[in-house]
Structures are given as structure tokens and as C-alpha cells.
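Here the structure comes first, spelled out in C-alpha cells, and everything after it is commentary.
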Amino acid sequence: MQVDGGDDDAWSAVAGEWADRWGAFADPVRAVLLDATRTGPGTRLLDVGCGSGELLALALARGASASGADPAPGMVHLARTRAHEADVRVAEAAALPWPDASADVTTAVNALELTGDPAGVLPELVRVTAPGGLVAVANWAEAARNDLDAVEAAVARALDDEPGPDGELRLPGGLERLLAAAGLTVEASGLVEAPWDASDDDALVRGVLLGEDDATQAELAPTVVGAAAGFRTAGGGYRLRNAFRYAVARTPG
Ligand SMILES: C[S@@+](CC[C@H](N)C(=O)[O-])C[C@H]1O[C@@H](n2cnc3c(N)ncnc32)[C@H](O)[C@@H]1O
């Protein structure tokens, strides 16, 4: 995905297509986080960087009350539509507009790394979480575990660019170290498989190059299709095998 992580308007601009092409993709890790935090009736859950609201909807379906924050107004609109009982606000992770201790469980999926300063914003997630509550975070695992990274590396090379190194949070132990450094006690962590399916070449190219204009997508389409040749399915689509890392930690009581 070629969305500029630090640009709220960029996420608003692609919100609808993001939801269609990628919205359900993180469901396996969402289920793991909701199970690990025992989210259910009576749980007050806050999802930071909630995107188009899929995790909020799953939390509501389990009987929890749900709040969500995202700085992209386009995402907030979709999240309110998908999870209408949730309290969804336009907000950055660094400045959450809720009082101290207002959530039992605070989650962030594929969002903390986009703030540019995960260690700097984590205390804000802890602040809004009740003492003895849970903070649950997840993001892409290291590149070697993700077919999408192989395709994106081919795109980078076609643009005379070098794929960047894995960020610390993608590596084994990275999320655990982040949470422990903030004074939390890690209770669970691990890897979750999260395959992504594209029905045909067009869906593959539009999904991988989400955020690029039509001309750039057309120019890079042969690179994307070529790089994904090994991931073709018998039906003419593609299945990219990817993985997330997650960690769940308790705030001081
Ligand atoms: C890759 S999407 C993930 C959305 C959702 N959490 C999911 O798992 O589908 C990243 C989201 O993080 C949001 N985001 C970007 N910068 C952020 C920040 N500083 N604080 C909170 N959310 C941010 C974006 O607007 C976008 O909705």
C-alpha cells in the first residue's frame, strides 16, 4: 500500500477503497486481540487508529461498548457508519479526547507505527486505560513473513528505490519491548496469519498500489503482476500470505 502514513487527508482520500480492499484483512488478528482481552459484555473498548471501524463492529457484536479515534475524517465517517453505536472521534493517538481511565481495553492495529513515535504516544493510550486494564497492539510482522512485502520490494526496485529495513515493532519482541518500556506487564503475544486475497490482476494492482494515481498504477501494473506470479491461485486470483505480530499488556493497577 502506498498511502502516506502521516497524512490524514491521504487516508481520507482512500478510505472507501481501503475498506473494500483491505478492511476485512486484519480480522484474524482482531479476533485474537478481542479473545486475549476477553472483550465482552461490560467491556469499555477504545480502538486507536480505528480506520473504517471493523474492530469496533466486532467489539460491539461481542456486547462491549466501543469508542474509536482516527485523525482521518473519511475513516471516521466510515467507522460511524459501520459501527453506529460506537463513539467515534477525529483524533490523533497522541491526544485522545477522552478522560483518564475511560477504557478497560485500548487497542491499536496497524496504527501506532504510523504516528512516527510509538513510544511517545503510548503513554496517552495508557492514560485513557483504567489501572489494571489492557493495552493490545498489533502490526505487520517482519518483511520476510509477508508476500506483500515481496511485491512492494519489486515496486520499489522498479522505481530505483531500495525497500527500507523492518521497523523495530515488526521484529520478534519489538511490541513486547515497547509495552514493557512504558511500564506495562506483557500478558500475551504472538504471530497471527493474515492472508490477503485479490480476485484478479486488477484487484491485485489496485490493492497493492492503493493511493497511487491511475497513470502510476498502469505503469507499475506489470511489475506488480510479475512479482506476484508465485502467489497465483488456480482460479486466476492471488493469495498473499502475510502475518501480524501482536502483544497484550496490563497497565499498573
Ligand atoms: C493501516 S490503517 C489501519 C486501520 C485499522 N486500525 C485496521 O486495522 O484496519 C491505519 C489507520 O491509522 C490512522 N492513523 C494515521 N496516523 C495516525 C495517528 N497519528 N494517530 C492515530 N491514527 C492514525 C489512519 O488514518 C488509518 O485509518
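In the stretch 209-245, which residues are of a type in the set (Gly, Ala, Ser), without any contact (Cβ under 8 Å) to a residue 60 or more places away in the chain, open to solvent by less than 40 Å² (accessible area, probe 1.4 Å) and in a helix (DSSP H, G or I)?
Hit for the stretch 209-245 is Ala221, nothing else.
Find the residue count for the stretch 44-68, including only residues that are open to solvent by 20 Å² or more (accessible area, probe 1.4 Å) and either under 21 Å from Ala249 (Cβ atoms) or assigned to a loop (DSSP other than H, G, I, E, B) (or both).
Number satisfying all stated conditions: 6.
Within 23 Å of Tyr246 (Cβ to Cβ) and open to solvent by 50 Å² or more (accessible area, probe 1.4 Å): does that describe Leu171? Break it down into steps so the answer makes sense when it comes.
Numbers: within 23 Å of Tyr246 (Cβ to Cβ): yes; open to solvent by 50 Å² or more (accessible area, probe 1.4 Å): yes.
Considered against the rule, which asks whether it is within 23 Å of Tyr246 (Cβ to Cβ) and open to solvent by 50 Å² or more (accessible area, probe 1.4 Å), Leu171 comes out as yes.
Which of the numbered conditions does Ala19 fail, given that it passes all the others? Conditions: (1) near the ligand (Cβ under 10 Å from one of its atoms); (2) outside any helix (DSSP H, G or I).
In the conditions (1) near the ligand (Cβ under 10 Å from one of its atoms); (2) outside any helix (DSSP H, G or I), Ala19 misses (2) alone.
Considering only the stretch 74-96, state which residues are assigned to a loop (DSSP other than H, G, I, E, B) and within 11 Å of the ligand (Cβ to nearest atom). Write out each step before concluding.
Just the residues of the stretch 74-96 that are assigned to a loop (DSSP other than H, G, I, E, B), to begin with: 83-86, 91-96.
Residues satisfying the conditions are Ala91, Glu92, Ala93, Ala94, Ala95, Leu96.
Name the residue that is most open to solvent (accessible area, probe 1.4 Å), counting only residues in the stretch 114-145 that are part of a helix (DSSP H, G or I) and within 9 Å of the ligand (Cβ to nearest atom).
So in the stretch 114-145, the residues part of a helix (DSSP H, G or I) come out as 114-115, 118-128, 143-145.
Then drop every residue that is not within 9 Å of the ligand (Cβ to nearest atom), which leaves 114-115, 121.
On the way: Leu114: 70, Thr115: 52, Val121: 11 Å².
Looking at residues that are part of a helix (DSSP H, G or I) and within 9 Å of the ligand (Cβ to nearest atom), I get Leu114.
Might you check whether a residue that is surrounded by 19 or more Cβ atoms within 10 Å (Cβ to Cβ), touching a residue at least 60 places away in the same chain (Cβ under 8 Å) and part of a loop (DSSP other than H, G, I, E, B) occurs anywhere in the stretch 191-203?
yes
Can you tell me which condition Val248 does not meet? The list is (1) more than 30 Å from Ala103 (Cα to Cα); (2) part of a strand (DSSP E or B), and all the others hold.
Every condition holds for Val248 apart from (1).
Residues Pro71, Pro99: which one is over 21 Å from Asp35 (Cα atoms), near the ligand (Cβ under 10 Å from one of its atoms) and open to solvent by 30 Å² or more (accessible area, probe 1.4 Å)? Talk me through it step by step, then tell me what you get.
Values: Pro99 fails: near the ligand (Cβ under 10 Å from one of its atoms).
Being over 21 Å from Asp35 (Cα atoms), near the ligand (Cβ under 10 Å from one of its atoms) and open to solvent by 30 Å² or more (accessible area, probe 1.4 Å) holds for just one of Pro71, Pro99, which is Pro71.
Would you check if there is a residue in the stretch 179-196 being of a type outside the set (Gly, Ala, Ser), more than 22 Å from Ala108 (Cα to Cα) and under 20 Å from the mean Cα position of the chain (by Cα)? Steps first, answer last, please.
Taking the stretch 179-196 and keeping what is of a type outside the set (Gly, Ala, Ser), we get 179, 184-187, 191-193, 195-196.
Going one step further and asking which of them are more than 22 Å from Ala108 (Cα to Cα), we end up with none.
No, the stretch 179-196 contains no residue that is of a type outside the set (Gly, Ala, Ser), more than 22 Å from Ala108 (Cα to Cα) and under 20 Å from the mean Cα position of the chain (by Cα).
How many of the residues making up the stretch 42-96 are over 16 Å from Ala108 (Cα atoms) and of a type in the set (Lys, Arg)?
3
Within the stretch 199-223, track down each residue that is farther than 15 Å from Arg21 by Cβ and among the small types (Gly, Ala, Ser).
Applying the first criterion (farther than 15 Å from Arg21 by Cβ) to the stretch 199-223 yields 213-216, 218-223.
Residues satisfying the conditions are Ala215, Ala218, Ala221.
The values are calculated or read from the model by the stated rules, or taken from the named source; none is laboratory data. These numbers come from a predicted model, not from an experiment. Please note: Cβ atoms are built from the backbone with ideal geometry, for glycine as well, and neighbour counts cover all protein chains shown. The area values use the complete protein model at the heavy-atom level, side chains included, leaving out ligands, DNA and RNA. Shrake-Rupley method; radii C 1.70, N 1.55, O 1.52, S 1.80 Å.
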